[in-house]
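As structure tokens, the structure follows; a few thoughts come after it.
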């Protein structure tokens with residue numbers, strides 16, 4: 001029988017702060033679920049109708065593999081266990097349905113036992129989502145033109161269209177401090193806190209070197225586990241990761257003004273047999 005130790009991990013990403021459709025989200029506030037009302041100058045959460053992200057690599061690490069002084073992640077010195085690499089395993093992961101990574105199938109040794117404090121995920125720089133929010137007799141739906149181009153429909157059952165976004169940089173075209181990032185962020189890197197959780201998000205080029213602009217092929221995400229995974233025997237444990245597919249609804253109290261990709265929330269479970 002499996003004893004499940006639930007480790008809540010939070011990875012955050014908001015399309016709105018990455019592109020020209022930027023708007024500030026007050027990081028000190030909790031983002032709550034939508035309740036059927038139009039939010040007024042705040043955001044609320046809904047479940048996405050469709051949600052597609054592509055993952056290149058997943059690791060759990062004893063130490064931070066991408067500290068501020070580095071220009072690329074160092075998985076070896078950070079004592080990381082590679083759970084997934086698309087270059088070795090050619091398949092698309094659907095973390096929305098939950099993926100189980102068997103530690104027993106990974107080449108490890110006695111040094112790999114210990115406490116793992118970090119989850120590292122590298123995403124391909126392309127995110128495609130759709131969603132709708134029904135309030136009263138009106139349905140607000142995403143269009144293919146982006147999160148701020150909202151379709152208003154009286155048919156509550158019709159489907160929304162999906163839009164695609166890519167990361168460019170954290171400081172925008174005018175090189176202004178991003179209030180979402182610690183110390184304003186750099187063009188490529190954002191260290192941030194959201195709902196009391198710390199996260200690092202960094203743009204990477206095709207060689208996993210820190211990058212921004214058109215050369216950004218990937219996004220590196222790092223989150224510290226709320227409780228370390230204590231692994232004492234890798235042949236007797238698995239790691240399960242689920243993605244909570246949320247979108248943020250933002251309005252002025254009268255109508256919905258945008259539906260965007262919400263902060264990524266992952267739930268990781270260490271399954272000890």
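The values are calculated or read from the model by the stated rules, or taken from the named source; none is laboratory data. All values reported here derive from a predicted model rather than from experimental measurement. Neighbour counts run over all protein chains shown; Cβ positions are idealised from the backbone, glycine included.
Observations
- Restricted to region 197-213, and to residues there that are touching a strand residue (DSSP E or B) at 6+ places or on another chain (Cβ under 9 Å) and surrounded by fewer than 20 Cβ atoms within 10 Å (Cβ to Cβ), the residue that is nearest to residue 74 (Cα to Cα) is 208.
- Of residues in region 186-240 being touching a helix residue (DSSP H, G or I) at 6+ places or on another chain (Cβ under 8 Å) and in a helix (DSSP H, G or I), the one modelled with the highest pLDDT: 236
- Flag if residue 41 is part of a strand (DSSP E or B), over 20 Å from the mean Cα position of the chain (by Cα) and either surrounded by 14 or more Cβ atoms within 10 Å (Cβ to Cβ) or at pLDDT 50 or above (or both): yes
- Of the residues screened, residue 99 is one that is over 30 Å from residue 158 (Cβ atoms), surrounded by 17 or more Cβ atoms within 10 Å (Cβ to Cβ) and either in contact with a helix residue (DSSP H, G or I) (Cβ under 7 Å, 6 or more places away or on another chain) or modelled with pLDDT of 75 or more (or both).
- Near pairs, Cβ below 8 angstrom, 6+ apart or cross-chain, from region 58-80 (in contact (Cβ under 8 Å) with a residue 24 or more places away in the chain and at positive phi) to any residue that is crowded, with 16+ Cβ neighbours inside 10 Å and assigned to a loop (DSSP other than H, G, I, E, B): 79/62
- Any hit, region 60-80, residues being more than 24 Å from residue 202 (Cβ to Cβ), part of a strand (DSSP E or B) and modelled with pLDDT under 95: no
- Condition check for residue 165 on (1) without any contact (Cβ under 8 Å) to a residue 12 or more places away in the chain; (2) touching a helix residue (DSSP H, G or I) at 6+ places or on another chain (Cβ under 7 Å); (3) crowded, with 16+ Cβ neighbours inside 10 Å: one failure, at (1).
Per-residue answers, yes or no, for (1) within 30 Å of residue 134 (Cβ to Cβ); (2) buried (at least 22 other Cβ atoms within 10 Å of the Cβ):
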site	(1), (2)
215	no, no
238	no, no
241	no, yes
247	yes, yes
271	no, no
